[in-house]
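Colleague: After the structure tokens below, expect a handful of questions from me.
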Amino acid sequence: MSYNEILIESAERCGNIVCMGLDPIVGVLPFKELDTSERITKYFETLFSKMADEKLCPAAFKPNLGYYSALDRPRSRDYSGSKALSAVMDLLERYFPSSPVILDSKRGDIARSSGNYAKEAFDAWQADAVTVSPYMGSDSVLPFAYENKGMYILNRTSNPGGAELQNRTVIDSVDEHDVYPLYIAVSHMIAIWAEEHKGIGAVVGATNMREFADIAKYFAGKGIPMLIPGVGSQGGSASDVISVMNETRYNKKLARINSSSGLTHPWKKGDAPSDWLDMCTESIKALLKEAAL
């Protein structure tokens, strides 16, 4: 099954286009009595079990590798973060086997190095998709084009500083007669790469609807998946995103609207409240409803 088919099937099975980010802030999690790896594992196992009981099924999950690898202390032979991510991947396979896992690592290097980063994502972690930087071009990007795997290329990101480069005006090398912001030029390259390698998609933030609409309109009908961060804590709205996709006739089943901390620790700071599990599940229910098919 191709990655695009996996996306469509999981959207239909779960009835939504939500991607749940899994970026643990250890200091705010419950189960303080446990060590780091066990604390993260126990937290997500408790949450996933509750979600499964209530039939809450996001159509994708996205762990950010940095939140886990930063917890490792390899020189001290301490791999707490990697152990936790391995356990989380096992839990996802147990509780949500039909939902793809996107490893958010934003890789991109010279060809041989990219090939090793692709092996890290797909062979070592057995992820279904990975996030990739386009800056070094095709020989950096295409090593990630594994058969039946996905790749989300950074296109117009949701962070405030993204505009510093991504909104720069360029003469697009694809069509030398047109002048575009850089994010549209990158959209052109993504579309070209996706012609030969299905499953190549784009990271397009929800924090600027005009720019999101530009990209959604360009990708409509081209079979290019979109990973859409910026909903929730960063201020974007899932309902606005869906309205734009409807207006531009983009295939929503190929999209995944991501929210991370707003779902996994909505209390943000301090100790987890006694009703933390209910807080999380209510936030998840709300987003699943907002992003329902």
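Colleague: Quick check, is SER98 in contact with a helix residue (DSSP H, G or I) (Cβ under 9 Å, 6 or more places away or on another chain), within 22 Å of ALA59 (Cβ to Cβ), at pLDDT 95 or above and surrounded by fewer than 18 Cβ atoms within 10 Å (Cβ to Cβ)? Lay out the reasoning, then the answer.
Modeller: Numbers: in contact with a helix residue (DSSP H, G or I) (Cβ under 9 Å, 6 or more places away or on another chain): yes; within 22 Å of ALA59 (Cβ to Cβ): yes; at pLDDT 95 or above: yes; surrounded by fewer than 18 Cβ atoms within 10 Å (Cβ to Cβ): yes.
So SER98 fits the description; yes.
Colleague: OK, next. Out of (1) over 30 Å from LYS32 (Cβ atoms); (2) open to solvent by 10 Å² or more (accessible area, probe 1.4 Å), what's the single condition that is false for LEU227?
Modeller: With (1) over 30 Å from LYS32 (Cβ atoms); (2) open to solvent by 10 Å² or more (accessible area, probe 1.4 Å) applied to LEU227, the lone miss is (2).
Colleague: Which residue is modelled with the lowest pLDDT, if the candidates are limited to segment 235-244 and must be surrounded by fewer than 18 Cβ atoms within 10 Å (Cβ to Cβ) and either assigned to a loop (DSSP other than H, G, I, E, B) or in contact with a strand residue (DSSP E or B) (Cβ under 6 Å, 6 or more places away or on another chain) (or both)?
Modeller: Per the stated criteria, the residue is GLY235.
Colleague: Tally up the residues in segment 255-275 that are part of a helix (DSSP H, G or I) and more than 22 Å from the chain's Cα centre (by Cα), please.
Modeller: So the first thing to find is which residues in segment 255-275 are part of a helix (DSSP H, G or I), and the list is 261-264.
Now restrict to residues that are more than 22 Å from the chain's Cα centre (by Cα): none.
Here the count works out to 0.
Let's see how each residue does on (1) touching a residue at least 24 places away in the same chain (Cβ under 8 Å); (2) not hydrophobic (A, V, I, L, M, F, W, C):
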{"position": "PHE144", "(1), (2)": "yes, no"}
{"position": "ASN148", "(1), (2)": "yes, yes"}
{"position": "MET151", "(1), (2)": "yes, no"}
{"position": "ASN155", "(1), (2)": "yes, yes"}
{"position": "SER158", "(1), (2)": "yes, yes"}
{"position": "ASP178", "(1), (2)": "no, yes"}
{"position": "SER187", "(1), (2)": "yes, yes"}
{"position": "ALA191", "(1), (2)": "yes, no"}
{"position": "HIS197", "(1), (2)": "yes, yes"}
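Colleague: Looking at this structure, is MET189 farther than 30 Å from TRP267 by Cα and touching a strand residue (DSSP E or B) at 6+ places or on another chain (Cβ under 9 Å)? Working first, answer last.
Modeller: Details: farther than 30 Å from TRP267 by Cα: yes; touching a strand residue (DSSP E or B) at 6+ places or on another chain (Cβ under 9 Å): yes.
Yes.
Colleague: Restricting the first residue to segment 1-13 and requiring it to be touching a residue at least 40 places away in the same chain (Cβ under 8 Å) and in a helix (DSSP H, G or I), which pairs with a second residue that is of a type in the set (A, V, I, L, M) and open to solvent by 40 Å² or more (accessible area, probe 1.4 Å) meet a Cβ separation below 9 Å and a spacing of at least six or different chains?
Modeller: Close Cβ pairs satisfying both conditions: GLU9/MET1; ALA11/LEU293; GLU12/LEU293.
Colleague: Those residues that are within 17 Å of ALA191 (Cα to Cα) and open to solvent by 10 Å² or more (accessible area, probe 1.4 Å), I need them from segment 128-145; list them, please. Let's see the steps before the verdict.
Modeller: Quick first cut of segment 128-145, residues within 17 Å of ALA191 (Cα to Cα) only: 131-145.
Selection gives SER133, PRO134, TYR135, MET136, GLY137, SER138, ASP139, LEU142, PRO143, ALA145.
Colleague: Out of (1) in contact (Cβ under 8 Å) with a residue 40 or more places away in the chain; (2) in a helix (DSSP H, G or I); (3) hydroxyl-bearing (Ser, Thr, Tyr), what's the single condition that is false for THR207?
Modeller: Only one criterion is unmet by THR207, namely (2).
Colleague: Kindly establish whether LEU91 is farther than 19 Å from ILE228 by Cβ, at pLDDT 95 or above, of a type in the set (A, V, I, L, M, F, W, C) and crowded, with 20+ Cβ neighbours inside 10 Å.
Modeller: Values: farther than 19 Å from ILE228 by Cβ: yes; at pLDDT 95 or above: yes; of a type in the set (A, V, I, L, M, F, W, C): yes; crowded, with 20+ Cβ neighbours inside 10 Å: no.
Spelling it out, it is not the case that LEU91 is farther than 19 Å from ILE228 by Cβ, at pLDDT 95 or above, of a type in the set (A, V, I, L, M, F, W, C) and crowded, with 20+ Cβ neighbours inside 10 Å.
Colleague: Looking at GLU247 and the list (1) part of a helix (DSSP H, G or I); (2) open to solvent by less than 20 Å² (accessible area, probe 1.4 Å); (3) farther than 30 Å from TYR43 by Cβ, which single condition is not satisfied?
Modeller: GLU247 satisfies every listed condition except (2).
Colleague: Here is a follow-up. Considering only segment 10-34, state which residues are in contact with a helix residue (DSSP H, G or I) (Cβ under 9 Å, 6 or more places away or on another chain) and open to solvent by 40 Å² or more (accessible area, probe 1.4 Å).
Modeller: GLU12, ILE25, PHE31, LYS32, GLU33, LEU34
Colleague: Moving on. From SER283, SER260, SER274, grab the single residue that is in contact with an Asp or Glu (Cβ under 6 Å, 6 or more places away or on another chain) and open to solvent by 10 Å² or more (accessible area, probe 1.4 Å). Can you show your working first?
Modeller: Numbers: SER283 fails: in contact with an Asp or Glu (Cβ under 6 Å, 6 or more places away or on another chain); SER274 fails: in contact with an Asp or Glu (Cβ under 6 Å, 6 or more places away or on another chain).
When all the criteria are applied, what remains is SER260.
Colleague: State yes or no: is SER113 of a type in the set (S, T, N, Q) and buried (at least 17 other Cβ atoms within 10 Å of the Cβ)? Show your work before the answer.
Modeller: On the way: of a type in the set (S, T, N, Q): yes; buried (at least 17 other Cβ atoms within 10 Å of the Cβ): no.
No.
Colleague: For segment 37-72, name all the residues that are under 25 Å from ILE17 (Cβ atoms), open to solvent by 50 Å² or more (accessible area, probe 1.4 Å) and not in a helix (DSSP H, G or I).
Modeller: GLU54, LYS55
Colleague: So for segment 170-182 (the condition being within 16 Å of LYS106 (Cβ to Cβ) and touching a strand residue (DSSP E or B) at 6+ places or on another chain (Cβ under 9 Å)), does at least one residue qualify?
Modeller: no
Colleague: Any residue in segment 260-274 that is hydroxyl-bearing (Ser, Thr, Tyr) and in contact with a strand residue (DSSP E or B) (Cβ under 6 Å, 6 or more places away or on another chain)? Write out each step before concluding.
Modeller: Narrowing segment 260-274 to residues hydroxyl-bearing (Ser, Thr, Tyr): 260-261, 264, 274.
Of the ones still in play, those that are also in contact with a strand residue (DSSP E or B) (Cβ under 6 Å, 6 or more places away or on another chain) are 260.
There is at least one residue in segment 260-274 that is hydroxyl-bearing (Ser, Thr, Tyr) and in contact with a strand residue (DSSP E or B) (Cβ under 6 Å, 6 or more places away or on another chain).
The values are calculated or read from the model by the stated rules, or taken from the named source; none is laboratory data. Everything quoted here is computed from the prediction, not taken from an experiment. All Cβ positions, glycine included, derive from the backbone under ideal geometry; neighbour counts span all protein chains shown. Ligands, DNA and RNA are excluded from the accessible area calculation, which covers all protein heavy atoms including side chains. Shrake-Rupley method; radii C 1.70, N 1.55, O 1.52, S 1.80 Å.
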